[in-house]
Each structure stands twice: as C-alpha cells, then as structure tokens.
Amino acid sequence: MKICGLQKTTLLDFPGHVAATIFTGGCNFRCPFCHNSDLLGNDAPAAFTDSEVLDFLKRRRGILEGVAITGGEPTLQPDLLPFMEEVRRLGYQIKLDTNGCRPQVLKEICAAGLADYVAMDIKTCKERYPQVAGVPSIDMGKIEESVDFLKQGTVPYEFRTTVVRELHSAADFEKIGPWIEGCPSYYLQNFVDSGNVLNPVYTSYGKEELLSFLEIVRPFVGHAELRGIDY
C-alpha cells in the first residue's frame, strides 16, 4: 500500500463512527477541481508503511471504531484487500471511498466482507463524465458497472457529487437522478478551494442553488442532503 497520509481522528469521514482516515496515493482520474492534487500522481511519496499504520490502529483499539480508506483512488492499490483484511482482524469497521473505476475490485472487497460502507463519487451525468473526471478516454462501462453493483444493496453505500459552478448545472442533475434511482443516500458537497486544487480557477455555488439541485434528485433517492453546509 502506498499510504500518503493518516488523519488520526475524524468524526466526518465515516459518519456515525469515530474513525481514522487513510489516504492512498495515485489516481487514474484528473478531476480539475480535485482538492487532493498532491495524491494524484504515481510519484506521490509514501508517508507511512503498512506496519506503521497497523501498529497505530492496534494502539487505538477501544478509542477508534472505524477506518476510512480514501485517496487518490484506493482500488488501484495492489495490496488493498490484504491490508483491509489486517484492519478487519483488528476489529475495525471499514469505509471505502472510490470513484468506481474498478468494479471487479469493489466486488471482491464486498464479497470478502471487508467493506461496511462504500461512498462512490458520481462526478456528473454520464454524457459529461470525461470532462468533469478529466479523462477523455474514460471507460463509462466500468463506472456504470460499479453503480449497478452498489444499487443491488450488497453493502451499505452512498453516492455523492462535489458541485462546481463552472462544471455543473441543473441539467446535469436532471440526468443524474434517473441514473442513480433507488439509492438510499445521495449527498451534494459544495466545492471548496483547499489551496491545493489541481486547477485553481473554480468557484462554488450558494446554498440556495445547491438546494435547488438537491430537489431535482430527491424524488429518485431515499435520502438527499447537502453535506458540510448548515441549513
């Protein structure tokens, strides 16, 4: 595992659990609004070894309840499943963040009972995915396979979209709603310039505009909510 970061305690990344967050390096998307741009390339330096992180988790048993694994894109890591097995042996709940690019890995993880919760990004509607994901040659078949798999309800999950003024409009959400129809939870996250954005030219929407997008999708999902914004 290439582990590039470790947040030792979070109440946000794994809802309902006191957790640690592990950041893996490397991603096959180049979303221009990415706020973890230092984790995208294969040359992103590792900051921790597997053993160091597992030793930390051993010491935190009884204090932490869960581990969130994010990125980058975790499913690109060749040792992801064995690492998750080690985390599970320590008694932790595990949340996996993914862009859905590797449905077979996602299925293997779920078949092995290694994910208690999956959060998958829905970058935008299918037609505009290449632009928003920053990958002109993106294989939408794999993204759709991951969406369809999660919708089967094998594992608790959510879909989420980071909304950027220059990249998203109401027309996108009119198409996203039918695509993800039946999912239990869908969240809109407003773009925030972290100071480490891949292409620092983007801006955010106001709360009322985000709420209007939420209302477009709400009829298609079990629960729809803005995340990180006070109502």
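The values are calculated or read from the model by the stated rules, or taken from the named source; none is laboratory data. In this text, all values refer to a predicted model and were calculated from it rather than measured experimentally. Every residue, glycine among them, receives a Cβ derived from its backbone with ideal geometry; neighbour counts consider all protein chains shown. Accessible surface is based on the protein model in full, side chains and every heavy atom, while ligands, DNA and RNA are left aside. Shrake-Rupley method; radii C 1.70, N 1.55, O 1.52, S 1.80 Å.
Observations on the model:
- Calculated [222 nm] ellipticity per residue, helices only, for the chain: -8500 deg cm²/dmol; basis is -39500 (n - 2.57) per DSSP H run with n ≥ 4, divided by all residues, nearest 500.
- The charge dipole of the chain, taken about the Cα centre with unit charges on the Cβ atoms of Lys, Arg (+1) and Asp, Glu (-1), comes to about 360 debye, rounded to the nearest 20.
- Dipole-positive endmost among 169, 54, 224 within the chain (Cβ charges, Cα centre): 54
- Extended-chain gain in nm, criterion 0.36 nm per residue less alpha-carbon gap, residue 51 and residue 215: 54.5 nm
- Under 5 Å between amide hydrogens, built in the peptide plane, is the criterion, and for residue 48 it picks out 3 among residues at least 5 positions away or on other chains.
- For region 1-25 versus region 61-95, the spacing of their alpha-carbon centroids is 9 Å.
- Cβ-Cβ FRET estimate between residue 131 and residue 185, R0 fixed at 35 Å, reported to 0.05: 0.85
- With DNA, RNA and ligands ignored, accessible area of residue 142 (1.4 Å probe; Å², nearest 10): 90
- Counting DSSP beta bridges with both ends in the chain, the antiparallel % (nearest 5): 20
- A Förster radius of 35 Å combined with the Cβ-Cβ distance from residue 174 to residue 196 puts the calculated FRET efficiency at roughly 0.65.
- Hull shadow area, averaged, region 70-205 [alpha-carbon convex hull, nm²]: 8.8
- Region 171-210: projected area of the alpha-carbon convex hull, averaged over directions, in nm²: 4.1
- Counting only protein heavy atoms and a 1.4 Å probe, region 141-209 has 45 square angstrom of accessible area per residue.
- On the basis of the beta-carbon distance and an R0 of 22 Å, residue 65 and residue 112 show a calculated FRET efficiency of 0.60.
- The distance linking region 136-174 with region 198-214 is 17 Å (Cα centroid to Cα centroid, whole angstrom).
- Each peptide in 191-200, 118-127, 212-221, 48-57 receives the mean, over its residues, of other Cβ atoms within 10 Å, and ordering these scores from highest gives 118-127, 212-221, 48-57, 191-200.
- Close amide H pairs (under 5 Å, H built 1.01 Å from N) link residue 190 with 163, 227, residues at least 5 positions away or on another chain.
- Region 139-219 - Debye-derived log10 I(q)/I(0), Cα point model, q = 0.16, 0.18, 0.20, 0.27 Å⁻¹: -0.70, -0.85, -0.99, -1.28
- Pairs beyond 18 Å (Cα-Cα), from 8/95; 8/123; 95/207; 95/175: 8/123; 95/207; 95/175
- Cα convex hull of the chain, projected area averaged across orientations, nm²: 11.8
- Percent accessible area from carbon and sulfur atoms, the chain, protein chains only, probe 1.4 Å: 50
- Structural descriptor for the chain: relative contact order 18 percent, calculated from alpha carbon pairs under 8 angstrom and at least 6 residues apart.
- Projected label distance in nm at residue 10 and residue 225, using a 7 Å step from Cα toward the beta-carbon: 1.6
- Between 35, 214, 19, the Cα set farthest toward the positive side of the dipole of the chain (charges on each charged residue's Cβ, about the Cα centre) is that of 19.
- Those residues of region 13-57 whose amide nitrogen sits under 19 Å from the label point placed on residue 90, 7 Å along Cα→Cβ: 13-25, 46-57
- Computed log₁₀ I(q)/I(0) - Debye formula, equal Cα scatterers, no solvent, region 1-136, q 0.09, 0.10, 0.15, 0.22 Å⁻¹: -0.25, -0.31, -0.70, -1.43
- Each Lys and Arg Cβ is given +1 and each Asp and Glu Cβ -1; about its Cα centre, region 1-126 then shows a dipole of about 200 debye.
- With protein chains left intact and a 1.4 Å probe, residues in region 61-121 average 35 Å² of accessible area per residue.
- Antiparallel %, DSSP beta bridges [both residues in region 1-72], to 5: 50
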